[in-house]
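In what follows, a structure is listed as structure tokens, so that the remarks can point back to it.
What follows draws every value from the coordinates through simple rules; no lab data is involved. Every value quoted in this text rests on a predicted model; they were computed, and no experiment measured them. Because the Cβ atoms are built from the backbone with ideal geometry, glycine has one as well, and the counts that use them run over all protein chains shown.
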Amino acid sequence: MRHLRIAAATALALGALAVPATGAPRVPATPAGQVLVVQAGLQDSVRPADARDTRDLDTFARRLAGKVPAAPDALVLTEVLGPGARRLATKLSQATGYRYRVMAAGERTAFLPDGAVRENAVILNTDTMLAEQPGGFHRVQDEDQAYVAAARRDGTLRVPLLAAHPGGDPATAVPQLADRFPRARDQVTVLGGDFRAGRCATPSKDQAAGCAPQAFWSSLTGPGAYSDALFDKGDAHARPLTGYLFARGDVLAAGYDRDLPDVAACKAAFDAGRSGTAPPACRSDYYADAPFSWALLAAGRDVQQAVTPARIALDHCELAVRVADVVVRAVNNTGEPVSLPVTVDAPAPLAATAPAALDVPAGQGGGVVVKVTAPRDTPPGEHRLTVRAGSETTEVPVTVTETCSEPAVYATSFHAGNGPELAVDGDIATFWHSEYQPLTPLPQSITLNLGETRQVSALDYQPRFDGNLNGTILDYHVYVSADGREFTKVASGSWALDARLKTAAFPAVTARYVRLEGTRGHNGQYLSAAEITPR
């Protein structure tokens, strides 16, 4: 415990700078061995007028105190300057009754003389936490990341903290961020901040829990052995958030501020430093265009497991089937690989498919996707799914909704950035491309959802129009379906290798879905299409 005695002496030496509490605590403290950490991007650093207008910081302190289950032990913040961070510490002290102190923050401008950016901060609750040494900054991609090696005052937990805001590709920043603090079983390492990127490699309105993740997320939650607290326990899988609370430790609970006022109505006035001119709801509740998040953390266990989301709604259809994902994740903190058998009990009308086991290497994390389905015409109602991973069992409530949303187009595969929606967007400068990293061999297909049954007698195919004919469909089949279950072939043939518009004609038929399948493409085992139009 020598490090705690040294830190205590440091805290006493700096005690004159602590913000005094104002009366008895108004919210409970976290229990021994646990820590509640808050992450927020406050958008209060680039525009001088915005930084001078502190209404948003005051609102943030008030909302935070009223929405978290205990007094925050630490805050990792991005896009805030030194004066703003210090004001926030004062307001948090007033709102909670605990003493908060800025341990690392910039000054009055985010832009340093050498061209780098410093706009991150770490704040500690000095009644519950202390700094083992003075906070500092770690430069990554020309942006200074604030860090503090903290610990609970009662000696039960060490908590290294880093406020992350990489300036470029987060995947290239991860190695420098993830290992700023060495791993240790007696501590919770927190890497929280704005990574300027969503979790899913392909952004969409409907972010499936089982989407293919971006490289930075896979790196942190795989080899890095971090847990994404909001994904595992905060029910945030469907939101395209760029703020994260990654932790090497056990995530006991997590959440985020769910009822921010309308950003479109508030943001312009606050960015201009004229919050007093914003609508009343903005003046009372707005602080940034992204919600703060929090996580209650403890030291890691040998094997930590999470099943997310905690509840699913079968409100998304793919052809004739309602679909949803459940993800089983585990972090293996031992020195040996583990294999957790995975079984799923899905009473009719539900069905589920899952791998037989979740295999996790020593000192890493991993996950598997459980695909849950039901027929499109399943009556509305409530059901339960039982997921067993190793010795742990989780029940997931499942709601079958009255209606289900359905995308306008499907593809058997696609490369990130070249999704099937680009083949129906009316723009021949964009295109769908089947997956080639890793290669998914032919045949591949793309299916258009017309939204209703109607007469169809032809399909127009526009190859790529960017001077590159890779993936141009040469041999094809066309299929149609009225219900998304049974497809009938209506045309087959071959097209010339050029960029001219091509057509497959067939006798008129009533259909809701039209599918173009390619069995041979130019220059490899893949397909592409700028536009596909049934008529």
Name the residues of the range 365-379 whose amide N is less than 18 Å from a point 7 angstrom out from the Cα of Asp483 along the C-beta direction?
374-379
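Which of the three applies to the range 286-436, rounded, prolate or oblate, going by the alpha-carbon gyration tensor with a ≥ b ≥ c and a/c under 1.5 meaning rounded? Write out the running numbers ahead of the final one.
Working: a/c = 1.68, a/b = 1.36, b/c = 1.23.
Prolate, since a/c reaches 1.5 and a/b exceeds b/c.
Quick check on my link table: of Lys205/Lys489; Lys91/Lys205; Lys205/Lys502; Lys91/Lys267; Lys267/Lys371; Lys371/Lys502, which ones sit more than 30 Å apart, alpha carbon to alpha carbon?
Details: Lys205/Lys489 32 Å; Lys91/Lys205 36 Å; Lys205/Lys502 32 Å; Lys91/Lys267 22 Å; Lys267/Lys371 39 Å; Lys371/Lys502 37 Å.
Exceeds cut-off: Lys205/Lys489; Lys91/Lys205; Lys205/Lys502; Lys267/Lys371; Lys371/Lys502.
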Sum -39500 (n - 2.57) across every DSSP H segment of at least 4 residues in the chain, then divide by the residue count to get the 222 nm mean residue ellipticity, nearest 500.
-4500 deg cm²/dmol
Treating the Cα atoms of the range 188-241 as identical point scatterers in vacuum, please give the log10 of the normalised Debye intensity I(q)/I(0) at q = 0.14, 0.17, 0.28, 0.31 Å⁻¹, two decimals.
-0.34, -0.51, -1.40, -1.58
Going by alpha carbons, how many degrees (0 to 90, nearest 10) lie between the helix axis of 2-13 and the longest principal axis of the chain?
70
Assign unit charges at the C-beta atoms only (+1 for Lys and Arg, -1 for Asp and Glu), then state the dipole size of the chain relative to its Cα centre in Debye, rounded to the nearest 20.
1220
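Would you kindly state the longest site-free stretch of the chain, with sites defined as GluC sites (Glu not before Pro) in a DSSP loop (not H, G, I, E, B) surrounded by at most 16 other Cβ atoms within 10 Å? Numbers along the way, then the final one.
Working: sites that count: Glu107, Glu486.
In the chain, the maximal stretch lacking such sites is 108-485.
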Using alpha-carbon coordinates, inclination of helix 82-96 to the longest axis of the chain, degrees
80
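Quick one: Kirkwood hydrodynamic radius for the chain, alpha-carbon pairs, angstrom, one decimal? Walk me through the intermediate numbers first.
Values: mean 1/r = 0.0390 Å⁻¹.
This gives a value of 25.6 Å.
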Roughly how tilted is helix 55-67, in degrees to the nearest 10 and between 0 and 90, from the longest Cα axis of the chain?
90
Cα centroid separation, the range 342-409 to the range 198-216 (Å)
18
Over the alpha carbons of the range 409-534, what is the largest minus smallest coordinate on each principal axis, giving the biggest first in Å?
35, 26, 25
Between Thr156 and Ala496, how many nm apart are label points set 7 Å from Cα along the C-beta direction?
7.8
Inter-centroid distance (Cα atoms) of the range 417-439 relative to the range 467-535, Å:
14
